[in-house]
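The values are calculated or read from the model by the stated rules, or taken from the named source; none is laboratory data. On a predicted model such as this, the values are computed, not experimentally measured, just so you know. All Cβ positions, even for glycine, are placed from backbone atoms using ideal geometry, and neighbour counts span all protein chains on display.
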Amino acid sequence: MSVARTIQETANDNAAQAAPAQEQTAAAPQPTPPPVSQPMPAWKMALYMASSVLFFLTQGLGMNLVTANIYQLQGSFSATTTEISWLSAAYMAPYASFAIALFKIRTQYGLRRFAEFSIICFVIASILNLLVTDLHSAIVIRAVSGMAAAPLSTIGFLYMLEAFPPAKKLSLGLSLALMSTLFSAPLARIISPSLIDLGGWSALYTFEMALALIALPVIYILPLTAPPRAKVIQSLDILSYLLLAIGFGCLAVFLTLGRLYWWLEVPWLGLVLAVAIGALTLMCLIEIPRKNPMIDLAWMLSGPNLRMAGVLLLFRFVSSEQSTTSANFYQQLGLLNDQTVHLYGIILLASLAGGLFCSFLMLTKYVETAHFLALVLIASGAWLDSQATSLTRPEQMYFSQAMVAAGAAMFLPPVMSKGFGAVLAKGMQYVVNFLVIFLFTQSIGSLFASAVLGTFVTIREKFHSNALVEHILLTNPIVAQRVQQLAGAYGKVITDKTLLNAEGLSLLSQQVTREAYILAYNDAFYVIFIASLIGLAILLLHQAFDRLIRPLLPEPEPAMQS
């Protein structure tokens, strides 16, 4: 996500070109010399944009192919769902913080060297995935893949921004880049059934390796504009980053696996959380007294940054309606990826439409409108999904999920553009601080939202199960008839009437559990609907304050200039 260096260097070049022109005009009415940089041809812009999408897909599919096939991979590794989830935890542990180190590494050692080394590392990591023999080796290699994939998202942003002039980098370029990050999740579920049929885990990561090999020559054929190098890494930065990486990594493991092992059931979860808190506390104690800290905590905890962090966390919470909650709902209904291909195709198209419309708004004065439209769409989709039943199928959720996908594509670009603009106005040394806010709210925030909603669904399922079981009495003629109907399937193989009734009760219990889970997911969809409405109300109140009340407040006195 660290794209600000390219933006800042381009802005500095433009400023350097504009300043002599202004002085020359003031001295004599001479014509302004033409700018040195020429606009990129349309065909070359298309190549850079296509390359950006390729990098985003290469990185995103590597992350989402496992998430989309948790249940299908159990057979390949002879593991439970909880054990397979270690693959996601191992990937996210280094990925959650690695972009912070990469920003400084790229600044000090050069963009060209950074890009070449990054894509080679990712190709090697993709090849290592093909050497997996068991779950333990897969977990280790997934951790390596998480580190290798982190630079690709940065390279994807840089290639998208390279295609646009400086005036449109933070508007059109950033919007299209963020839109491209949304394609890999639905695409992973679209292509997974065919890949799984071809060869399971090996087929999934043969495809990833193929994408990596296609992306490899792009780095050499289409170079990026390299900003000048600068020595920005200090000795204490290394220690601070290691503590930050340990803290974020332990939080990622805790949030990914907490609801599966259950929060208070296994002691090692508490130890992981304690290590995370201790590492982050030590990092803060090191950074606070430094004159040139890697992370300026005072600036990060200022009012505007806390508001921005709140908006980003809200986005992660409401967008999880589609990324995790609805996906788990389909699995609870017994729907596999091959039965939801058309649904995710519609989600992919809706993300594209929402992203393109947001890109249009970013070029107008109605940028803030994207927030309101996004929350309205997500709230509407979540409310429609909260009416689901056990007979609901993907066809009934096409419209609601398309609204959620379009809303998710429209929400983030205005926030990111405003945040980057404020950071660049403050100075390049604050880019790392912005990255900490963004990565914490998006990586850790996404895991936190999934953990909270997953825990909520589990608790509500127990509540609904208890409520439904109270009415399951064999003295009720309807219940007795239902048990008899379910037991009839085993009537030809089980002659003992007691065992036959027991089988009927077991099948009825499974149906009750399924209905309880459906009611629990409906509750989760409704909570997301309420959260979207609350966010919408807060945004409206904030806009009303800025337009109606703030102009009436006295202007602050200008600072004295010497």
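List the pairs whose first member sits in segment 182-200 and is crowded, with 20+ Cβ neighbours inside 10 Å, whose second member is of a type in the set (D, E, K, R) and in a helix (DSSP H, G or I), and whose Cβ atoms are under 9 Å apart, counting only residues at least 6 apart or on separate chains? Short answer, once both residue conditions are applied: Ser192/Asp338; Ile196/Asp338.
Got at least one residue in segment 127-148 being in a helix (DSSP H, G or I) and either of a type in the set (Phe, Trp, Tyr) or under 30 Å from Met410 (Cβ atoms) (or both)? Step through it out loud before you land on a result.
Taking segment 127-148 as the starting set, the residues that turn out to be in a helix (DSSP H, G or I) are 127-129, 135-148.
Still in the running and either of a type in the set (Phe, Trp, Tyr) or under 30 Å from Met410 (Cβ atoms) (or both): 146.
Taking every residue of segment 127-148 in turn, at least one turns out to be in a helix (DSSP H, G or I) and either of a type in the set (Phe, Trp, Tyr) or under 30 Å from Met410 (Cβ atoms) (or both).
Entry remark, segment 457-478: residues being touching a residue at least 12 places away in the same chain (Cβ under 8 Å) and among the polar types (S, T, N, Q) number 2 in total.
Yes or no, residue by residue, for (1) in contact with an Asp or Glu (Cβ under 9 Å, 6 or more places away or on another chain); (2) surrounded by fewer than 21 Cβ atoms within 10 Å (Cβ to Cβ); (3) not aliphatic (A, V, I, L, M):
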| site | (1), (2), (3) |
| --- | --- |
| Met300 | no, yes, no |
| Gly303 | no, yes, yes |
| Phe317 | no, no, yes |
| Ser326 | yes, no, yes |
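In this structure, is Glu321 assigned by TED's automatic domain parsing to the domain that holds Phe448, modelled with pLDDT under 80 and crowded, with 24+ Cβ neighbours inside 10 Å? So Glu321 fits the description; yes. I'm told Asp338 meets every condition in (1) within 18 Å of Ala409 (Cα to Cα); (2) assigned to a helix (DSSP H, G or I); (3) in contact (Cβ under 8 Å) with a residue 40 or more places away in the chain except one. Can you identify the failing condition by its number? Of (1) within 18 Å of Ala409 (Cα to Cα); (2) assigned to a helix (DSSP H, G or I); (3) in contact (Cβ under 8 Å) with a residue 40 or more places away in the chain, only one is false for Asp338: (1).
Within segment 47-71, the residues that satisfy the criterion of being in contact (Cβ under 8 Å) with a residue 24 or more places away in the chain and among the hydrophobic types (A, V, I, L, M, F, W, C) are Leu47, Met49, Val53, Leu54, Phe55, Phe56, Leu57, Leu61, Met63, Leu65, Val66, Ala68.
Looking across Leu282, Leu244, Leu269, one residue alone is within 23 Å of Leu87 (Cβ to Cβ) and in a helix (DSSP H, G or I). It is Leu269. Among the numbered conditions (1) more than 30 Å from Thr81 (Cβ to Cβ); (2) touching a Gly at 6+ places or on another chain (Cβ under 8 Å); (3) among the hydrophobic types (A, V, I, L, M, F, W, C), the only one that Ala188 does not meet is (1).
Residues in segment 440-464 that are at pLDDT below 85 and surrounded by fewer than 18 Cβ atoms within 10 Å (Cβ to Cβ): none.
Here is a yes/no grid of residues against (1) part of a helix (DSSP H, G or I); (2) under 15 Å from Ala531 (Cβ atoms):
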{"residue": "Cys358", "(1), (2)": "yes, no"}
{"residue": "Thr364", "(1), (2)": "no, no"}
{"residue": "Leu373", "(1), (2)": "yes, no"}
{"residue": "Trp383", "(1), (2)": "yes, yes"}
{"residue": "Gln387", "(1), (2)": "no, no"}
{"residue": "Tyr398", "(1), (2)": "yes, no"}
{"residue": "Ala405", "(1), (2)": "yes, no"}
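Residues in segment 175-207 that are touching a Phe, Trp or Tyr at 6+ places or on another chain (Cβ under 9 Å) and modelled with pLDDT under 80: Trp201 alone. Would you mind stating whether Leu152 is buried (at least 21 other Cβ atoms within 10 Å of the Cβ), of a type in the set (A, V, I, L, M) and either in contact (Cβ under 8 Å) with a residue 12 or more places away in the chain or in a helix (DSSP H, G or I) (or both)? Yes: the conditions hold for Leu152.
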